[in-house]
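The values are calculated or read from the model by the stated rules, or taken from the named source; none is laboratory data. From a predicted model like this one, the values you see are computed outputs, not experimental measurements. Here the Cβ positions follow ideal geometry from the backbone for every residue, glycine too, while neighbour counts run over all protein chains shown. Side chains are part of the model used for accessible areas, which takes the heavy atoms of the whole protein and leaves out ligands, DNA and RNA. Shrake-Rupley method; radii C 1.70, N 1.55, O 1.52, S 1.80 Å.
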Amino acid sequence: MHSSIASYQWLLYIFTVISSLQVSAARFNIPRLSPTRGTILQNPEILSATISKDFQTFYYNQTLDHFNYRPESYSTFQQRYVINFKYWGGGAGADANAPIFVYLGAEESLDGDISVIGFLTDNAARFNALLVYIEHRYYGKSIPFGSRKEALKNASTLGYFNSAQAITDYAEILLYIKEKYNARHSPVIVIGGSYGGMLAAWFRLKYPHAALGALASSAPILYFDDITPQNGYYSIVTRDFREASETCYETIMKSWAEIEKFASEPDGLSILSKKFRTCKPLKDSYELEDYLELVYADAAQYNQPPKYPVNMLCGGIDGAALGTDNDILSKIFAGVVASKGNKTCYVNPPINESETTVGYRWQTCSEMVMPIGIDNTTMFPPDPFELSNYIDDCKKLYGVSPRPHWDIKLILQRFASNIIFSNGLRDPYSSGGVLEDISESVIAIHTVNGSHCLDILRANQDSDPDWLVMQRKAEVEIIEGWISKYYDDLKAVQ
């Protein structure tokens with residue numbers, strides 16, 4: 001997923017972006033939306049080599065701008081998609097009109113998704129399904145304008161980088177695939193996780209003729225405007241830690257005042273830098289606090305079997321109380337080590353920017369404005385989301401104002417059908433998810449102990465708990481019902 005960019009101009013741009021974020025008054029450390037724990041793939045070529053030979057890579061000559069008729073709108077770029085034909089029963093043939101399962105790529109290279117998203121391959125044989133994975137524009141190898149440097153150069157080239165263009169990309173590729181493989185009547189089920197789950201739901205709403213249904217896993221589709229309380233995310237993080245260990249929760253809650261106390265003293269930042277083994281001397285206390293917030297958020301968001309990161313982290317904090325270094329901040333650091341492993345340094349490592357960090361920053365500054373804030377009811381210091389500050393900082397960074405308003409709840413009630421919204425209630429982003437059925441065919445499935453996108457990850461018969469097995473079973477049976485009804489309707493009109 002990483003690319004090596006030698007250009008000084010590109011590095012200068014990256015430095016400018018990061019510097020702008022560090023001095024920003026707005027809350028920019030929004031937890032990543034990713035089914036794969038935000039893993040940065042250092043060597044995607046090596047990872048690609050480990051993927052089964054059943055996966056074949058193709059490129060589609062994609063339209064740059066689907067919504068205008070200016071000459072430059074007709075420019076094209078190569079968009080990557082991957083197909084697995086192993087299980088497919090075929091289009092118009094002996095097992096006519098076998099379904100197509102489509103994974104909608106999101107804010108990272110497609111390589112990592114193929115290796116960990118198991119819902120498609122785990123269920124392909126049952127449905128005789130063709131499997132298709134489509135990469136999101138501006139990520140991985142699907143880069144407009146010939147290079148990542150050029151594509152991310154300024155707001156003019158970034159202007160084509162949005163969800164509306166992305167889901168239209170998917171529609172165009174899907175219709176092409178159905179035509180090419182004589183599968184015009186094969187039902188399509190689109191699947192996505194997190195931001196990709198939102199894309200799957202929006203796709204079903206926008207292009208119902210192209211997709212029979214959608215599975216939207218851990219999609220915080222209601223975390224816009226004032227639909228979801230700002231503190232929803234960090235309230236669940238707090239609950240997850242408190243349920244894991246009351247003493248761990250109390251230690252974390254007390255630690256913020258302790259950090260501020262040290263930071264206010266002479267050489268206090270130097271002491272904190274040594275205590276937390278930072279990669280560079282701390283500039284201020286906020287640098288450390290932001291890091292710890294995201295460590296706790298990451299552990300809660302991906303608190304899944306068999307390791308359960310929240311339990312590991314709290315085990316480190318509570319276990320440190322038995323040692324000689326048992327002051328509050330030593331306990332906190334022990335928790336960081338338990339969570340992140342024993343590293344040479346923590347907190348502010350050298351900037352090694354991924355395309356995801358830079359690309360998703362644009363997306364959250366243009367349309368994906370999720371008002372995640374912190375009030376005084378959580379274990380974190382209050383840090384409310386201020387839209388006016390956020391807009392000002394995005395304008396300074398890109399020269400454009402975000403468009404933060406999504407009236408999606410009413411649309412789901414009035415126009416949506418055949419969408420499964422799945423959530424695990426231990427996932428902080430479930431606070432912005434659909435947790436109750438909206439209609440007979442817009443269905444909410446949630447598990448009390450589930451975490452972020454766990455249901456669409458590869459199944460593990462040895463470690464998957466019964467509740468997870470039952471969640472996946474329910475999802476498959478709903479999809480089976482959609483497809484069965486579709487076949488009945490198809491026979492009726494033929």
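Taken about its Cα centre, the range 152-204 carries a charge dipole of roughly 60 debye when the Cβ of each Lys and Arg holds +1 and the Cβ of each Asp and Glu holds -1.
Along the axis of the charge dipole computed for the range 152-266 (Cβ charges of +1 for Lys and Arg, -1 for Asp and Glu, origin at the Cα centre), the listed residues Asn182, Ile259, Leu152 are led at the positive end by Asn182. Surface composition of the chain: carbon plus sulfur atoms hold 53% of the accessible area, using a 1.4 angstrom probe and ignoring ligands, DNA and RNA. Computed from point charges on the beta carbon alone (+1 for Lys and Arg, -1 for Asp and Glu), the dipole magnitude for the range 391-494 about its Cα centre is near 460 Debye.
Per-residue SASA remark: Glu179, around 100 Å² accessible (1.4 Å probe; ligands, DNA and RNA not included). Here the Karplus relation 6.51 cos²θ - 1.76 cosθ + 1.60, evaluated at θ = phi - 60°, turns the backbone of the range 464-472 into coupling constants of 5, x, 4, 5, 6, 4, 5, 4, 5 Hz, with x for every Gly and Pro. Compactness ratio for the range 161-213: Cα radius of gyration over 2.2 N^0.38 Å (N = residue count) comes to 1.10. In the context of the full protein assembly, Lys340 retains an accessible surface of approximately 70 Å², using a probe radius of 1.4 Å and ignoring ligands and nucleic acids.
Phe55 exposes around 40 Å² of accessible area when a 1.4 Å probe is run over every protein chain in place. Here the gap between Glu260 and Asp392, fully extended at 0.36 nm per residue and compared with their Cα-Cα distance, gives a gain of 44.8 nm.
Taking 28 Å as the limit for the C-alpha separation, the pairs Lys206/Lys396; Lys149/Lys395; Lys180/Lys473; Lys141/Lys485 exceed it in the case of Lys206/Lys396; Lys180/Lys473; Lys141/Lys485. Its DSSP H runs of at least 4 residues, each contributing -39,500 (n - 2.57), put the calculated 222 nm mean residue ellipticity of the chain at -13500 deg cm²/dmol, to the nearest 500. The long axis of helix 309-320 is offset from the longest Cα principal axis of the chain by roughly 10 degrees.
Give me the percent relative contact order of the range 405-474, please, defined on Cα pairs under 8 angstrom at least 6 residues apart.
On the way: 89 pairs, mean separation 20.3, N = 70.
Relative contact order, the range 405-474: 29 percent.
Taking every C-alpha pair closer than 8 Å and separated by at least 6 residues, the mean separation divided by the residue count of the chain gives a relative contact order of 18 percent. With contacts taken as Cα pairs under 8 Å and at least 6 residues apart, the range 303-433 reaches a relative contact order of 15 percent. Computed from the Cβ-Cβ distance with R0 of 25 Å, the FRET efficiency linking Asp284 to Glu150 stands at 0.10.
Summing Cβ point charges (Lys, Arg +1; Asp, Glu -1) relative to the Cα centre of the chain gives a dipole of roughly 1180 debye.
May I ask you to give the solvent-accessible area per residue for the chain, in square angstrom, as obtained with a 1.4 angstrom probe?
43
When the alpha-carbon atoms of the range 345-458 are used, the pair Rg, Dmax equals 17.6, 52 angstrom.
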